[in-house]
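S.K.: Sharing a structure below in C-alpha cells format, with a few things to ask.
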Amino acid sequence: MSLTPHENSDQTLWEVVEKLHAIVEASPLAIVSLDPKGQVRMWNRSAQRIFGWTEDEVMGRPLPTVPPDRQAEFGSMVQSQMEGRGWLSGFETIRIRKDGTRIEVSVWSAPLRDAKGEISGNISVIADITDRRRAEAEKAHLVAREQAARAEANIEKRYRELLEAAPDAILEVDSRGRIVLVNVQAEKIFGYSRAELIEKPVEFLIPDRFLSSHPADRQKYFAHPVRRPMGTGLDLSAKRADGTEFAVDVILSPYDAEGESGGRVICVVRDISERKLAEEQIQTLNYHLEQRNREVERANRLKDEFLASMSHELRTPLNAIIGFSDLLAEQGDFTTKQKRFIGHIRQGAGHLLDVINDILDLSKIESGHLELKHEDFDVAEATTEVLAAIRPMATTKNLQVMNSLSDGLSLYADRLRFKQILYNLLSNAIKFTPSGGRVSIETSQIRGDTCFCVADTGVGIPLEEHEVIFDRFRQVGITTKGVREGTGLGLAITKRLVEHHGGTIWVESEPGKGSRFYFSVPLQAGRGETEGKVEASQAPLILVVEDEGAAQELLVNHLEEAGYRTATANSGVEAIRQARELLPDAMTLDVLMPAKGGWDTLREMKRTPATAAIPVIIISVVEERKKGLALGAAEYLVKPVSKELLLEAIGRWTKTPARRTVESPE
Amino acid sequence: MKKILVADDNAVSRELIREVLEGADHEVIEASDGREALEKLREHQPDLAVLDIQMPVLDGIAVIQELRADPGFARLPVVALTAYAMQGDREKALALGFNAYITKPINIPQFRAQVAELLARSGG
C-alpha cells in the first residue's frame, strides 16, 4: 500500500496518514479496498501473505482471489456495497491463492464514503480461517475416535457380562483338552473357583466311571469336530467339586482361535438334574395313572360283560314265561280264575323285564349314551297314557288316583322319557301307599319352568333319607306289601332323566304324612310359542300306502291325532297316481302289496322328477333297511310300529303340525 | 305248510317256537346246537331257519357264515334269535346276512308276522 501526500497537506496530516499506514500494514488480517469499478485500491502486507499476490500484481486490477464458483456471490456483494448497503460481518466463504489452493476465509466488509459522503468503493478485512477449520475437523475426528474406543470397550464389557450372566455354564477347552475360560455359572454348578478350573484338563469335571473312555472320546471329537446340540439323547453326567454326580445336557461347538492350530471347543453345560427328577416323577405318575386307567377300563368292561350276561340269563327264562303265558292266554278254554292267574304270571314277568331294562337303561345313562329326542307334546295326553298303565296297580290296592293337570299344557321335552319319569314316580307312590289312600298329580309354573308334583298319602320318608333315596340301589323302608319291590333303580333313573332335561327333582315328606315328589322341566331357551307349528289347513299331508285295512286305519289315526292331514292308497299303482296328484309332504309305504309291490313303487317314485323329492317312510314286516335306504327311502320302520316311532320318523321329514287339544279322559 | 328249522340249545325256547310255528301250520325241525343245525339243514332243506345266536359247538354266527358261503343256502331266509339286547348287536347280525333279528323274550305276534313275510317273499 502506498500513500501519496497531498501537495497542500501540512505536516500534521502527513503524520496521521503515516500512522494509519503503519497500522494497516501491521494488521494480521488482510485489508483490501476496491474502487467503485471493483479494482484493487488497497492491498496490505497480510493480504499478500495470505493470498500470495504482491501489491504490484493486484493494484488497479480486479480482485484475483475470487474463485469462479463464487463470482456471482461476490458480484452481488460488491454491487450492493457500491449502492451503500451490504455490510458483511464474519461472512465465511472460499477464496483462492496465487498457487491455486483454495482457502477458507471470514470476511468483514463495508461501503467506503469520501468527504462528500459519496460512495468511493469498499473496504474488506479478511481472515484466513483454514487453520482453524482444520483444527476443528481434527478435534471432531479425535472426539469420534475416542467415542468409538469407548463404545468398543463397552461392547467388550457387555460381552463379558453376557458370558458371566449366561444361565448355562460356558467353558472353553483348547485342543489339548485344557480349560481356558469359564463363566460364573460354571463355577456355580461345578462348585470350583475360576482359578481352580483354568488350565485343568476337562476330565477334571467328568465322573470317575467315564474317565477311562473320555480322553479317547475327546480325541475322536477333535478329529471330527461338529456342532452337537443339546438333547441329542445322550445321558450325560458331570462331577461336582464334592464328588457328587449330576445330570447334564451339553452343547459342543468347535471354533478356530486365531493363531492356534487344532482349534478350540466351546462347551455349554446345563444342569438338568431337577428336570431329570421331574421327568422321573412324571414317568412314575404316568405309570400309576396308566395302571389305574387299565383297572378302570377292566372294571368297565367287566360291568358291561356282567350286564350283557345278566340280561341274557334273565331273558332266557323270561322268554319261556312270557311266551307260554301269552300262548296260554290265546287258548280260550280257561276259567276266570285261571285266566287271572295267567295274567298275574304275564304281569310279573313283564315287571321283571322292566327291571332288566331299567338296569340297562341306567347303565346307558351313566355311560353318557342317552340321547333325548325333544318334541312338543300335550302333557294331558302323555299323562293319560301313563295313568292307563298304572291304573291296574292302583285298582288292586283300592287307591284313588287324582289327575289335577290343567288342559292344554304342552311341554318341549323327550315324550317317552317324560312318561318314564311320571310312571316311576306314580308306581312308587302306589307301592308305598296303603290301601284306601290317594295318589295325585299336580302341576304349577315356577319362574317359567313347568313343575310337576306326584303326591301320595303313603308311609312317608324321614328327612335324613330325602337325599339318598335318589342313589342307586337305595330303598327306604318297606312297601305296603311288607317286602322290597323293584330294583331300587327307579328314582336313580328318574333323577338322571330329569337332570338330563335340565330340571331338578326333590321330595317333601315326613313319616306317616305321605310324600310329595316334585320335578321341574325348564322352558327351552330360544323356543317361541309359535315356532315349528303350522295352522291345521296348512298341516303337512301324509300319503299312507297300505293294503291292509286295519293297519291303514291305525296309521291314519296316529297321524291325524298328531295333527297331520292324510290321504290313503291301497296299492302301488294307486300310490303313484296319488303321489303325482297330491304331492304329499311325506308318504308311508308298505312293502308287500298287490298290483306293484313297495320296492317297485319306491323305484318309480324316485325315477319320476315330480315325486322324487317326496320323503318315503317304508313300513315293513321284514328288516331290509339297507335295501330300502339304497333305493332312496328316507326312513325304514319295522312292523309293528309304535306311534312314537312313526311320528318321530315323520317329524324328521315334515314340519310339526299344531297338535290337537286332547280332552283328558280322567 | 312250510318246513322250518329251529336251532336253540334251550329246549323250552325250542318248544315255545315250535308251538308258535305249528300253530301257523308249519312243520318244525329242531336242533340243539350249530353243528346239528347245519346237518339238519342239509338233510331236510327247510324253507326258513330260526337260529339262536348263543349256542354250543357252533354258534349262530358261525352257522350263518357257513350258510351264506354255500350257494345252496345263500338265499335261505334266516331269523336271528338272541337274549342279548345290547346296542349295535342288531346291525351286526343283519350285516352278517340274517334276514331278521328278534330278541328274547319273543314278541309272539311280531314273530308270527315276520315269519309269514319272510316265507311269502322267498317264493310264496
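S.K.: Of all the accessible heavy-atom surface of the stretch B:9-77, with the other protein chains kept in place and a 1.4 Å probe, what percent is carbon and sulfur? Don't skip to the end; give the middle numbers.
M.R.: On the way: 1420 of 3190 Å².
It is 44 percent, rounded to a whole number.
S.K.: Ignoring ligands, DNA and RNA, how do A:LYS337, A:LYS239, A:LYS627 rank by accessible area with a 1.4 Å probe, largest first? If you can, show how the numbers build up before the last one.
M.R.: Values: A:LYS337 125, A:LYS239 40, A:LYS627 75 Å².
Output order, biggest surface exposure first: A:LYS337, A:LYS627, A:LYS239.
S.K.: Just to verify a number: what accessible area does A:ASP271 come out at with the full protein assembly present, 1.4 Å probe, Å² rounded to tens?
M.R.: 60
S.K.: Right, next: From the square roots a ≥ b ≥ c of the eigenvalues of the alpha-carbon gyration tensor of the stretch B:5-100, which class results: rounded (a/c under 1.5), prolate (a/b over b/c), or oblate? Please report the intermediate quantities before stating the final value.
M.R.: On the way: a/c = 1.45, a/b = 1.12, b/c = 1.29.
Note, shape of the stretch B:5-100 comes out rounded.
S.K.: For A:LYS98, go through the aspartates and glutamates and keep the ones whose alpha-carbon is under 13 Å away, minus same-chain ones fewer than eight residues off.
M.R.: Filter leaves A:GLU55, A:GLU57.
S.K.: In whole angstrom, note down how far apart the Cα centers of the stretch A:183-221 and the stretch A:43-113 are.
M.R.: One Cα centre to the other: 79 Å.
S.K.: Determine, at each q value in 0.09, 0.10, 0.11 (inverse angstroms), the log₁₀ of I(q)/I(0) that the Debye formula gives when each Cα of chain A is one equal point scatterer.
M.R.: -0.93, -1.02, -1.14
S.K.: Going by alpha carbons, how many degrees (0 to 90, nearest 10) lie between the helix axis of A:11-26 and the longest principal axis of chain A?
M.R.: Its long axis makes an angle of about 40 degrees.
S.K.: Add -39500 (n - 2.57) for each DSSP H run of 4 or more in the protein assembly as shown, then divide by its residues: what number comes out at 222 nm, to the nearest 500 deg cm²/dmol?
M.R.: Working: 24 runs with 342 residues, N = 790.
Calculated from helices alone, the mean residue ellipticity at 222 nm is -14000 deg cm²/dmol.
S.K.: Let me ask something else about it. Among A:LYS606/A:LYS626; A:LYS364/B:LYS104; A:LYS303/B:LYS92; A:LYS495/A:LYS626, which pairs are too far apart, with a Cα-Cα distance over 26 Å?
M.R.: Numbers: A:LYS606/A:LYS626 16 Å; A:LYS364/B:LYS104 20 Å; A:LYS303/B:LYS92 21 Å; A:LYS495/A:LYS626 38 Å.
In this structure, A:LYS495/A:LYS626 lie more than 26 Å apart at Cα.
S.K.: Compute the helix-to-body angle for A:490-500: its Cα long axis versus the longest principal axis of chain A, expressed 0 to 90° and rounded to tens.
M.R.: Once rounded, the angle reads 40 degrees.
S.K.: Can you tell me the FRET efficiency between A:CYS453 and B:SER122 if r is taken as the Cβ-Cβ distance and R0 is 51 Å, rounded to the nearest 0.05?
M.R.: Details: r = 56 Å, r/R0 = 1.09.
E between A:CYS453 and B:SER122, to the nearest 0.05, is 0.35.
S.K.: Rounding to the nearest 10 and keeping the result within 0 to 90°, find how far the Cα-based axis of helix A:130-165 lies from the longest principal axis of chain A.
M.R.: Helix A:130-165 sits at roughly 30 degrees to that axis.
S.K.: Related question: For the stretch A:348-454, what D do you get in µm² per second when you plug the Kirkwood radius from alpha-carbon pairs into Stokes-Einstein at 25 °C and 0.890 mPa s? Numbers along the way, then the final one.
M.R.: Details: Rh = 15.2 Å.
Taking Rh from Cα pairs, D becomes 162 µm²/s.
S.K.: I'd like the distance between the alpha-carbon centres of the stretch A:261-298 and the stretch A:594-627, rounded to an integer number of Å.
M.R.: Cα centroid to Cα centroid, the span is 64 Å.
S.K.: How would A:PHE222, A:PHE306 line up by accessible area, probe 1.4 Å, largest first?
M.R.: Numbers: A:PHE222 45, A:PHE306 120 Å².
From most exposed to least exposed: A:PHE306, A:PHE222.
S.K.: On the accessible surface of the stretch A:27-88, probed at 1.4 Å, how many percent belong to carbon and sulfur atoms?
M.R.: On the way: 1800 of 3260 Å².
The nonpolar share, carbon plus sulfur, comes to 55 percent.
S.K.: How much length is gained on full extension from A:GLN11 to A:THR336, taking 0.36 nm per residue of separation minus their Cα-Cα distance? Walk me through the numbers on the way to the answer.
M.R.: Values: separation 325, 0.36 × 325 = 117.00 nm, distance 17.92 nm.
Gain on extension, A:GLN11 to A:THR336, equals 99.1 nm.
S.K.: Next question, about the same structure. Using only the alpha-carbon atoms of the stretch A:306-368 as identical scatterers, what base-10 log of I(q)/I(0) does the Debye formula give at q = 0.25, 0.26, 0.28 Å⁻¹?
M.R.: -0.98, -1.03, -1.12
S.K.: If you take the square roots of the eigenvalues of the alpha-carbon gyration tensor of the stretch A:169-230 and sort them as a ≥ b ≥ c, do you get rounded (a/c under 1.5), prolate (a/b over b/c) or oblate? Display every interim value, and only then the final one.
M.R.: On the way: a/c = 1.74, a/b = 1.45, b/c = 1.21.
It is prolate, given that a/c is not under 1.5 and a/b is the larger ratio.
S.K.: In peptide A:615-625, what is the residue-averaged number of other protein chain Cβ atoms found within 10 Å of each Cβ? Spell out each step's value before the answer.
M.R.: Values: counts 0, 0, 0, 0, 0, 3, 11, 10, 13, 4, 3.
Shielding by partners across A:615-625 averages 4.
S.K.: Based on the alpha-carbon gyration tensor of the stretch A:124-194 and its eigenvalue square roots a ≥ b ≥ c, which shape applies: rounded if a/c is under 1.5, prolate if not and a/b is larger than b/c, or oblate?
M.R.: Details: a/c = 8.04, a/b = 4.20, b/c = 1.92.
Prolate shape, in that a/c is at least 1.5 and a/b is the bigger ratio.
S.K.: Work out from phi, with θ = phi - 60° and the Karplus expression 6.51 cos²θ - 1.76 cosθ + 1.60, the ³J(HN,Hα) of each residue of the stretch A:423-439, listed in order in whole Hz, and give x for Gly and Pro.
M.R.: Once rounded to whole Hz, the list reads 4, 4, 5, 5, 5, 4, 4, 5, 4, 9, 10, x, 3, x, x, 9, 10.
S.K.: Give me P(r) over the stretch A:41-89, computed from all C-alpha to C-alpha distances, binned every 5 Å, as integer percentages.
M.R.: Spelled out per bin, shortest first, that is 5, 18, 22, 22, 24, 8, 0.
S.K.: Take every DSSP beta bridge whose two residues both sit in the protein assembly as shown, then give the antiparallel share in percent to the nearest 5.
M.R.: Working: 71 of 110 bridges.
Rounded to the nearest five, the antiparallel share is 65 percent.
S.K.: Sort A:TRP87, A:TRP14, A:TRP653, A:TRP43 by heavy-atom solvent-accessible area, probe 1.4 angstrom, most to least. Could the numbers behind the result be given before it?
M.R.: Working: A:TRP87 195, A:TRP14 65, A:TRP653 120, A:TRP43 5 Å².
Most to least solvent-accessible, the answer reads A:TRP87, A:TRP653, A:TRP14, A:TRP43.
S.K.: Can you give the relative contact order of chain A as a percent, counting alpha carbon pairs under 8 Å and 6+ residues apart? Could you put the intermediate results ahead of the total?
M.R.: Values: 1017 pairs, mean separation 39.9, N = 666.
Normalised by residue count, the contact order of chain A is 6 percent.
S.K.: Next question, about the same structure. Given a 1.4 Å probe, show me the residues in the stretch A:285-316 buried by at least 30 Å² of accessible surface when comparing the whole protein assembly to the chain alone.
M.R.: A:ALA308, A:HIS312, A:ARG315, A:THR316
S.K.: Would you mind checking which residues have amide H under 5 Å from B:MET55's amide H? H placed 1.01 Å from N; only 5 or more apart, or other chain.
M.R.: Those lying under 5 Å, H to H, from B:MET55 are B:GLY60.
S.K.: Would you mind giving the three semi-axes, in whole Å and largest first, of the ellipsoid equivalent to the stretch B:17-73 according to its Cα gyration tensor?
M.R.: Numbers: eigenvalues 76, 38, 17 Å².
Equivalent-ellipsoid dimensions as semi-axes: 20, 14, 9 Å.
S.K.: Which FRET efficiency value, to the nearest 0.05, do you get for A:LEU372 and A:ALA166 by plugging their Cβ-Cβ distance into 1/(1 + (r/R0)^6) with R0 = 51 Å?
M.R.: On the way: r = 62 Å, r/R0 = 1.21.
Efficiency, rounded to the nearest 0.05: 0.25.
S.K.: Dividing the Cα convex hull volume of the stretch A:435-475 by residue count, how many Å³ per residue is that? Write out the running numbers ahead of the final one.
M.R.: Values: hull volume 4.6 nm³, N = 41.
It comes to 112 Å³ per residue, whole-number rounded.
S.K.: Using a probe radius of 1.4 Å on protein heavy atoms only, what is the accessible area buried between chains A and B, both sides summed, to the nearest 100 Å²?
M.R.: Details: alone 38480 and 6620 Å², together 42540 Å².
Roughly 2600 Å² of accessible surface disappears when A and B pair.
S.K.: Straight-line reach from A:LYS655: which lysines have a Cα under 19 Å away, not including same-chain ones fewer than 8 places off?
M.R.: Within reach: A:LYS373, A:LYS533, A:LYS643.
S.K.: Oh, and also: Could you give the accessible area per residue of the stretch A:295-411, probe 1.4 Å, as a whole number in Å²? List each step's numbers first, then the result.
M.R.: Details: 6460 Å² over 117 residues.
I get 55 Å² per residue for this part.
S.K.: Report the antiparallel proportion of the DSSP beta bridges in the stretch A:389-469 as a percent, rounded to a multiple of 5.
M.R.: On the way: 8 of 12 bridges.
Counting DSSP beta bridges with both partners in the stretch A:389-469, the antiparallel share is about 65 percent.
The values are calculated or read from the model by the stated rules, or taken from the named source; none is laboratory data. Everything quoted here is computed from the prediction, not taken from an experiment. For neighbour counting, all protein chains shown are included, and Cβ atoms are generated from backbone atoms with ideal geometry for every residue, glycine included. These accessible areas exclude ligands, DNA and RNA; they are computed on the full protein's heavy atoms, side chains included. Shrake-Rupley method; radii C 1.70, N 1.55, O 1.52, S 1.80 Å.
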